């Protein structure tokens, strides 16, 4: 994939994602509770509300669809279904999983990223002979945002805020190891790699892991957590993809292409965005 094609994919996916988000959430504004600023600046108040929602939903709204479009352009299959977990996870598998997580959190040195994965996969080989019969969608909080496949390997990704709170890294580790347990319990002969993704580095070129809480532990950098171009370059096959993403965002702003599309959305929903006084 060359630079021109990649930037075209980025721009189209970005505009589509943001416009769809605004269109959906403008309609939802119609049924939200009245706020006093609706009397003074109805359009501005609603736009601010929607933009605030976009900021907190960047993963689902922008990064996820953008990642899927870039990956698709580089030969990945995008798996648009939920990763399933055993309806009743065998207790021995659940105990093994919890033991690995507990020792990783306690930093005993017994397991690292590779041995955690390999132990779970090895344990699930028993399900070749005695397969688990019933599966259901993964529990809330343990779903996979982005599921890709290429060259026989399944890739599971979840994009996260670039400024995680205390304790979040324990949850991230639990997510990854549970994904492996879910996948291999159903596909013991399959191959999977999972990463938690921080889509950009907010620290002005400084090492992300040195600036984040606890250096991201117990998550293992590079092998369980990816930052910025570790993720984007993997998807695109291009070097320094995030720079192209930033350039594309600048192009969108300068060209006014997103603004034009949003103007159409606002015009289509003008009775919601800026109702006349007797409608309030």
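Where a number appears in this text, it was derived from the coordinates with a stated rule and is not lab data. None of the values given here were measured: they were computed from a predicted structure. Here Cβ is always computed from backbone atoms with ideal geometry, including for glycine, and neighbour counts include all displayed protein chains.
Figure legend: label point modelled 7 angstrom from the Cα of residue 171 along Cα→Cβ; residues of segment 134-150 with amide N under 11 Å from it are 141-142. In terms of the mean number of neighbouring beta-carbon atoms within 10 Å, the peptides 141-154, 171-184 order highest first as 171-184, 141-154. If you model segment 81-224 as an ellipsoid using its alpha carbon gyration tensor, with each semi-axis the square root of five times an eigenvalue, the axes come out at 27, 17, 13 Å, biggest first. Computed from label points 7 Å out along Cα-Cβ, the spacing between residue 2 and residue 249 is 2.7 nm. With an a/c value of 1.5 or above and a/b not larger than b/c for the gyration tensor axes a ≥ b ≥ c computed over the alpha-carbon atoms, segment 162-247 is described as oblate. Each part gets one Cα centre, and for segment 185-204 versus segment 213-229 those centres are 11 Å apart. Each residue in 92, 51, 265 was given a count of other beta-carbon atoms within 10 angstrom of its own, and listing them fewest first yields 92, 51, 265. Here the convex hull built on the C-alpha positions of segment 48-121 has a volume of 187 cubic angstrom per residue. Taking all pairs of different Cα atoms in the chain, averaging 1/r and flipping that mean, what Kirkwood radius in angstroms comes out? It works out to 21.0 Å.
The fraction of Cα-Cα pairs per 10 angstrom bin, counted from 0 for segment 176-221, comes to 23, 37, 24, 15, 1 percent, rounded to whole percents.
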